[in-house]
1. Name the single residue, out of those in the stretch A:4-20 being crowded, with 17+ Cβ neighbours inside 10 Å and within 14 Å of another protein chain (Cβ to nearest Cβ), that is modelled with the lowest pLDDT.
2. Suppose we filter B:44, B:9 for residues that are loosely packed, with under 14 Cβ neighbours inside 10 Å and in contact with a strand residue (DSSP E or B) (Cβ under 9 Å, 6 or more places away or on another chain); which single one remains?
3. Of all residues in the stretch A:21-51, which are more than 13 Å from chain B (Cβ to nearest Cβ) and surrounded by fewer than 19 Cβ atoms within 10 Å (Cβ to Cβ)?
4. Please report, ordered by residue number, the strands (runs of 3 or more DSSP E) entirely within the stretch A:1-102 with at least 1 residues that are farther than 30 Å from residue B:51 by Cβ.
5. Against the condition within 14 Å of chain A (Cβ to nearest Cβ), in a loop (DSSP other than H, G, I, E, B) and either touching a strand residue (DSSP E or B) at 6+ places or on another chain (Cβ under 8 Å) or surrounded by 13 or more Cβ atoms within 10 Å (Cβ to Cβ) (or both), how does residue B:88 come out, does it pass?
6. How about the stretch B:32-82: which strands (runs of 3 or more DSSP E) wholly inside it have at least 3 residues that are under 19 Å from residue B:5 (Cα atoms)?
7. I'm trying to understand the selection: among the residues of the stretch B:34-43, which are at pLDDT 90 or above and facing another protein chain (nearest Cβ under 10 Å)?
8. Can you tell me which residues in the stretch B:8-23 are within 14 Å of chain A (Cβ to nearest Cβ) and farther than 14 Å from residue B:65 by Cα?
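The values are calculated or read from the model by the stated rules, or taken from the named source; none is laboratory data. The structure presented is a predicted model; accordingly, all values stated were derived computationally and were not measured. Using ideal geometry, Cβ is built from the backbone for each residue, glycine included, and neighbour counts are taken over all protein chains shown.
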C-alpha cells in the first residue's frame with residue numbers, strides 16, 4: 001500500500017471550510033484514497049473515499065488531483081464537533097484482506 | 001443494529017496476567033480486524049480474519065492470539081501481559097476485504113498493564 005504524508009496539525013475557524021491536504025505520490029492505479037477521522041478516545045469513523053473522481057457526501061468532499069498524487073478533504077462548514085485527528089489512507093485493489101494502514105494523521109482544531 | 005461492540009471498556013492487568021478482549025458485530029460482516037493504538041500514534045493491525053475459522057497475522061501479532069469460531073465474534077487473547085501492551089485496542093469489521101469496502105470500528109478497550 002502506498003504511503004501518505006499529512007501535516008501533523010491544522011486549525012480552522014468555526015463556520016469556515018477546513019481543507020486537509022494529503023500527499024500520496026506513490027499511489028498506484030488500483031489504490032483508493034480513504035479518509036477516516038478519530039474523535040478523542042473513540043474508534044475511527046469513515047468519512048469518504050475515492051479513486052480518481054471528486055466525491056461528495058453528507059460529511060465532506062474529496063478532491064483528488066488529476067495525477068492522483070495528492071488529495072484534499074474539505075469539511076465545508078467546520079464545527080467544534082469536527083475537532084479530531086484525520087487520517088488519509090490509500091488502500092490496494094482487491095486482496096484477501098485490504099487492510100487499513102494508519103499513519104499519524106492531521107490533528108484538526110476548530111476554534112470558536 | 002448495534003454495529004461493533006467491545007468489552008470491557010477499561011481494564012488494568014498485572015504483568016503476566018492473561019485476559020480476553022471481546023468483540024462482536026451484528027452486521028453479518030465476513031472480515032474482522034484487531035488494531036492497537038499507542039498514545040499519539042496511528043492504529044496498527046494486530047490480527048485479522050476473513051471469515052469464521054480463518055485468521056491471519058497483521059503488523060504486530062506478537063503476544064496476542066485470536067480465534068474466529070463464529071461470524072459475529074472475534075476475541076483477542078493476551079496470554080502473558082507485558083507493559084508494552086498498554087494501549088487502546090480497537091476491533092473493526094467490514095463486509096468484504098475489497099479496497100472499496102468501509103471498515104466499521106468499535107469504541108475501543110483501554111488496557112493498562114502494570
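1. Our first condition is that a residue be crowded, with 17+ Cβ neighbours inside 10 Å; within the stretch A:4-20, this holds for A:4, A:6, A:12, A:18, A:20.
Adding the requirement that they be within 14 Å of another protein chain (Cβ to nearest Cβ) leaves A:4, A:6.
Numbers: A:4: 91, A:6: 95.
It comes out as A:4.
2. B:9
3. Of all residues in the stretch A:21-51, those more than 13 Å from chain B (Cβ to nearest Cβ) come to A:21-26.
Answer for the stretch A:21-51, where residues must be more than 13 Å from chain B (Cβ to nearest Cβ) and surrounded by fewer than 19 Cβ atoms within 10 Å (Cβ to Cβ): A:21, A:23, A:25, A:26.
4. Details: elements: A:9-13, A:18-23, A:32-38, A:45-50, A:61-64, A:70-75, A:84-91.
Of the strands (runs of 3 or more DSSP E) lying wholly inside the stretch A:1-102, those with at least 1 residues that are farther than 30 Å from residue B:51 by Cβ span A:9-13, A:18-23, A:61-64, A:70-75, A:84-91.
5. Working: within 14 Å of chain A (Cβ to nearest Cβ): yes; in a loop (DSSP other than H, G, I, E, B): no; either touching a strand residue (DSSP E or B) at 6+ places or on another chain (Cβ under 8 Å) or surrounded by 13 or more Cβ atoms within 10 Å (Cβ to Cβ) (or both): yes.
No: the conditions fail for residue B:88.
6. Values: elements: B:43-51, B:54-57, B:64-66, B:76-78.
Output list reads B:43-51, B:76-78.
7. First, the residues of the stretch B:34-43 that are at pLDDT 90 or above: B:34-38.
Residues satisfying the conditions are B:35, B:37.
8. Step one: filter the stretch B:8-23 for residues within 14 Å of chain A (Cβ to nearest Cβ), giving B:9-10, B:21, B:23.
Answer for the stretch B:8-23, where residues must be within 14 Å of chain A (Cβ to nearest Cβ) and farther than 14 Å from residue B:65 by Cα: B:9, B:10.
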